[in-house]
Every structure is written in C-alpha cells, then in structure tokens.
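Novice: Below you will find the structure I want to go over with you.
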Amino acid sequence: MNSLRLKSGGMSRKGYEQSMIGEPIHVTDESFEKVVMQSQVPVIVDFWAPWCGPCKMIAPTLEKIAREQEGKLIVAKINTDENPNWMNKFAVQGIPTLLFVSGGKVLHRQVGALPERMLRDVVTQFIDVISQN
C-alpha cells in the first residue's frame with residue numbers, strides 16, 4: 001500500500017496535497033485532531049490493525065473510494081495497536097470500525113467489514129447527507 005504516514009503535529013502543505021491525490025493516509029494519535037477533526041473535507045476513518053483479517057478485506061475498497069472521491073473526501077487509517085488514544089475516546093470496541101466525520105462531528109459509525117457494494121452504499125449516503133447540509 002502506498003499510503004502517506006503522517007507523524008505528530010499534523011499535516012504539512014505537502015502532506016495535505018498528497019492526501020488529496022486519492023489514497024488513504026495513515027494518521028497517528030498526535031495527528032488525528034488536525035487531520036480528521038479539523039479537516040475541511042469529510043473524512044472516513046478506518047480503525048484497523050495489521051493482524052485483523054476483516055480490516056484487510058475492506059482495505060482495497062477503501063483505497064478505491066479514496067481514488068474515486070479524490071478532492072471530495074479523505075480516507076484516514078489509524079492503527080489501533082500503535083495509536084489507541086482515539087480508539088478509546090470513540091469507544092471503539094471492535095475493528096474494523098469506520099467513522100464518517102464531517103465538520104468535526106461523527107455522522108455515522110460502521111462496525112465490522114461490509115461487502116464492497118454495501119460499503120459503497122454507506123459512503124454514498126454519507127456524501128448525500130453532507131451535500132444536504
């Protein structure tokens with residue numbers, strides 16, 4: 001996976017430009033607030049871990065969505081083994097968990113893996129809700 005990994009402190013200009021090129025970005029506990037909660041565009045946050053089979057199953061779909069929605073939304077991935085703080089703040093108890101965030105607010109939570117078609121339907125509904133506001 002050719003994802004950008006953001007270190008602490010947030011997103012540089014270059015990092016922001018890379019996040020908009022249509023691929024998931026990896027965030028840390030330190031960069032989560034700036035990258036996700038303060039984002040000017042909607043964000044799908046994937047709480048995952050390397051050992052999680054269902055996480056691996058949805059990863060290709062999330063990569064496709066990041067490419068297809070380039071400039072319209074960000075797909076952010078946070079490894080829960082390495083970065084547990086936000087997992088605890090959002091009471092994430094199972095992975096994968098996807099949070100659909102817009103304007104610093106969680107609009108939807110999806111726990112567990114979904115088939116590609118169903119996950120795309122959830123993303124479409126998320127985009128529709130945002131466009132109505």
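Novice: Quickly run through the stretch 42-65 and pick out the residues that are closer than 16 Å to Glu116 by Cβ and either touching a helix residue (DSSP H, G or I) at 6+ places or on another chain (Cβ under 9 Å) or outside any helix (DSSP H, G or I) (or both).
Specialist: Ile44, Asp46, Ile58, Pro60, Thr61, Leu62, Lys64, Ile65 - these are the residues of the stretch 42-65 that are closer than 16 Å to Glu116 by Cβ and either touching a helix residue (DSSP H, G or I) at 6+ places or on another chain (Cβ under 9 Å) or outside any helix (DSSP H, G or I) (or both).
Novice: Considering each residue of the stretch 102-125, count those that are in contact (Cβ under 8 Å) with a residue 40 or more places away in the chain, closer than 20 Å to Lys64 by Cβ and surrounded by 12 or more Cβ atoms within 10 Å (Cβ to Cβ), and give that number.
Specialist: The number of residues fulfilling the criteria is 6.
Novice: Go through the stretch 1-38 residue by residue and tally those that are modelled with pLDDT of 95 or more, buried (at least 17 other Cβ atoms within 10 Å of the Cβ) and part of a loop (DSSP other than H, G, I, E, B).
Specialist: Count: 3.
Novice: Which condition number does Lys72 fail, the rest of (1) in a helix (DSSP H, G or I); (2) out of contact with any strand residue (DSSP E or B) (no Cβ under 8 Å at 6 or more places or on another chain); (3) not hydroxyl-bearing (Ser, Thr, Tyr) being met?
Specialist: (1)
Novice: Collect the residues in the stretch 94-133 that are assigned to a loop (DSSP other than H, G, I, E, B), modelled with pLDDT of 95 or more and over 20 Å from Val27 (Cβ atoms), keeping them in residue-number order.
Specialist: Gly112, Ala113, Leu114, Pro115
Novice: Moving on to the next point. Taking the stretch 37-67, which residues are of a type in the set (D, E, K, R) and closer than 15 Å to Ile25 by Cα?
Specialist: Of the stretch 37-67, the ones of a type in the set (D, E, K, R) are 46, 56, 63-64, 67.
Once the filter is applied, which keeps residues that are of a type in the set (D, E, K, R) and closer than 15 Å to Ile25 by Cα, the stretch 37-67 yields Asp46, Glu63, Lys64, Arg67.
Novice: For the stretch 47-69, which positions are of a type in the set (S, T, N, Q) and either modelled with pLDDT of 95 or more or in contact with a strand residue (DSSP E or B) (Cβ under 6 Å, 6 or more places away or on another chain) (or both)?
Specialist: Within the stretch 47-69, the first condition is being of a type in the set (S, T, N, Q), and the residues that meet it are 61, 69.
Of everything in the stretch 47-69, just one residue is of a type in the set (S, T, N, Q) and either modelled with pLDDT of 95 or more or in contact with a strand residue (DSSP E or B) (Cβ under 6 Å, 6 or more places away or on another chain) (or both), namely Thr61.
Novice: Another question, if that's okay. State the number of residues belonging to the stretch 75-89 that are without any contact (Cβ under 8 Å) to a residue 40 or more places away in the chain and either touching a strand residue (DSSP E or B) at 6+ places or on another chain (Cβ under 7 Å) or closer than 23 Å to Arg117 by Cβ (or both).
Specialist: Adding up the residues that qualify gives 1.
Novice: Hey, can you tell me all the residues within the stretch 75-93 that are part of a loop (DSSP other than H, G, I, E, B) and either of a type in the set (Val, Ile, Thr) or over 15 Å from Val35 (Cα atoms) (or both)?
Specialist: Listed by number, the residues that qualify are Thr80, Asp81, Glu82, Pro84, Phe90, Ala91, Val92, Gln93.
The values are calculated or read from the model by the stated rules, or taken from the named source; none is laboratory data. Worth saying up front: this structure is predicted, and the values here are computed from it rather than measured. FYI the Cβ positions are ideal-geometry reconstructions off the backbone, even for glycines, and counts take in every protein chain you see.
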